[in-house]
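The values are calculated or read from the model by the stated rules, or taken from the named source; none is laboratory data. Please read these numbers as outputs of a predicted model, since none were measured by experiment. Every residue, glycine as well, gets a Cβ built from its backbone with ideal geometry; the counts of neighbours run over all protein chains shown. Each accessible area value is taken on the protein alone, full model and side chains, heavy atoms only, with ligands, DNA and RNA left out. Shrake-Rupley method; radii C 1.70, N 1.55, O 1.52, S 1.80 Å.
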Amino acid sequence: MPTAIEIFKHLPKKNCGKCNFPTCLAFAMQLANSKAKLADCPYVTEEAKAKLEASSAPPIRLVSIGAGESKFEIGDETELYRHDKKFFHQTRYAIVISDTASDKEAGAKLKRAADLRFERVGQNLAMDMLGVRNDSGDPAKFASMVARVAKESALPLVLMSADAEAIKAAASAARPSRPLIYAADANNWQAMAAVAKELKFPLAVKHDELNGLAGLVEKVRAAGVEDLVLDLCPRDLQQLVERNTIVRKNAVKKTFRGLGFPIVTNACGSKQAVLMALTSTMKYGGIVLLDDLDPAHAIPLFVLRQNIYTDPQVPIQVKAGLYSINNPGGDAPVLFTTNFSLTYFTVAADIEKSRVPAWLLVVDTEGLSVMTAFSAGKLTAEGVAEALRSSGALEKSSRKEVIMPGMLSRMSGKLQELTGLKVIVGPRESSGIPKVLRSL
Ligand code: SF4
């Protein structure tokens, strides 16, 4: 967003008040803070409008793909480094099915894609898209595979063909979802841009050289398509990092805005496909196309993405309170931990594993882990005593004892004094919890 002074330069300076602000400068200040709309000034010229809209556009265009619940957005990133603020729209992964695949092969791939679903720290990690590639060269065969995939999965699609007629043939099967068309290149861009414009689908543009890509993007935009995704065609991992970084840096620093669009990496056919997916995730990738994905590779890939796309200033938290695990009754023991998600889910999983019924009290530590919370004064004996009282834990369990994390042993005396409970110092590592519970 431009500053108030930059906006002011483009306003008519009549100070007439018709925008509901007494002066043009006051209006400019409200605009800069997104508290007014440019359209509220009846005298602003079309030229000024175009200039202001261009300078307030996000550095990387926001592109939405799919429809309904599985719709997602990519782009609209503002940072080069995650720690400066956060990254907003996570990398999306697609498994690609060839239109020459047999019925059985296509079915197996669809099932594998659907099964790539894991839960971690309370969040679902899963495959995001499916691609259909026109290897047959036959538009009818392509449309038929797209129809099958769209029927069996609600995931957004990538329509992969160099033939605009094949894309057109498959378009109705892909609706009502808004698929990504992949891809326009130096040879087919006119036909592809025409189809993308007519169908209102986003379009990937590819070129094996960045200057060439910038020129191609300009032509496609001039043809009326703005929702673009860029394939930078890296030949190896080094070039992937270099090109993705150049494009992101130029967009975010606004030194060159011609390539300010999300990036798609086509890793199909590469022996380093998983490495390309990992590198794209770390280095500004919007979408990664893969021939397939083994669950053993999917888990680290999804976890990497989860870590990169969380807000570094806000720890992932669970709700504080009393949680029942393994159907505890009145004689079940009470343990406590913090509300940092990773800590909670690790402790809860270890209690579950023990098969011993137990109550787990989650103390609000603003999402900090045990030692960090203790060091920061967010996990105190007084706080735990209050949480034991307010959560009802003392009424739920008839045992007059509480199990604390081993790292907090120095707090045990004070806690015992405040609650009158027997305080059992648990293991330093959560993995030791089953042994302690079974020994009670
Ligand atoms: Fe200035 Fe336009 Fe507002 Fe009048 S309506 S005060 S010209 S910004």
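For region 55-130, how big is Rg over Rh, using alpha carbon atoms and the Kirkwood form of Rh?
Rg/Rh for region 55-130 comes to 1.08.
With a 10 Å radius around each residue's Cβ, average the other Cβ atoms per peptide and rank 170-179, 80-89, highest first.
Final packing ranking: 170-179, 80-89.
Charges only on Cβ, +1 for Lys and Arg, -1 for Asp and Glu: so what's the dipole of the chain about the Cα centre, in debye to the nearest 20?
That gives the chain a dipole magnitude of about 820 debye.
In region 4-55, with Lys and Arg counted as +1 and Asp and Glu as -1 at Cβ, which of these residues, Ser34, Pro22, Ile5, has the Cα nearest the positive end of the dipole, that is, farthest along it?
Pro22
From the residues Tyr81, Leu213, Leu278, which one has its Cα farthest along the dipole of region 63-308 in the positive direction, the dipole being from +1 and -1 charges on Cβ of Lys/Arg and Asp/Glu about the Cα centre?
Positive-end residue among those listed: Tyr81.
If the reach is capped at under 20 angstrom between alpha carbons, list the lysines near Lys141, excluding any in the same chain fewer than eight residues apart.
Lys104, Lys109, Lys151, Lys168
What whole-number value in Å² describes the accessible area per residue of the chain for a 1.4 Å probe?
Using a 1.4 Å probe on heavy atoms only, each residue of the chain averages 48 Å².
Along the positive direction of the dipole of region 321-439 (beta-carbon charges: Lys, Arg +1; Asp, Glu -1; about the Cα centre), which of Gly329, Leu394, Phe374 reaches farthest?
The listed residue farthest towards the positive side: Gly329.
Per DSSP H run of at least 4 residues, take -39500 (n - 2.57); add these up for the chain, divide by its residues and hand me the 222 nm value, nearest 500 deg cm²/dmol.
The helix-only estimate for the chain comes to -12000 deg cm²/dmol at 222 nm.
Leaving ligands, DNA and RNA out of it, report the carbon-plus-sulfur percent of the accessible area of the chain at a 1.4 Å probe.
51 percent
Which FRET efficiency, nearest 0.05, do Lys49 and Ser70 yield, Cβ-Cβ r, R0 51 Å?
0.90
Expressed in whole Å with the largest first, what are the equivalent ellipsoid semi-axes of the chain derived from the C-alpha gyration tensor as the square root of 5 times each eigenvalue?
49, 33, 18
Would you work out the charge dipole size for region 321-439 about its Cα centre, treating the Cβ of every Lys and Arg as +1 and the Cβ of every Asp and Glu as -1, and quote it to the nearest 20 debye?
360 debye
Can you work out D for region 1-114 in µm² s⁻¹ from Stokes-Einstein, where Rh is the Kirkwood radius over C-alpha pairs, the temperature is 4 °C and the viscosity is 1.567 mPa s?
For these conditions, the coefficient is 72 µm²/s.
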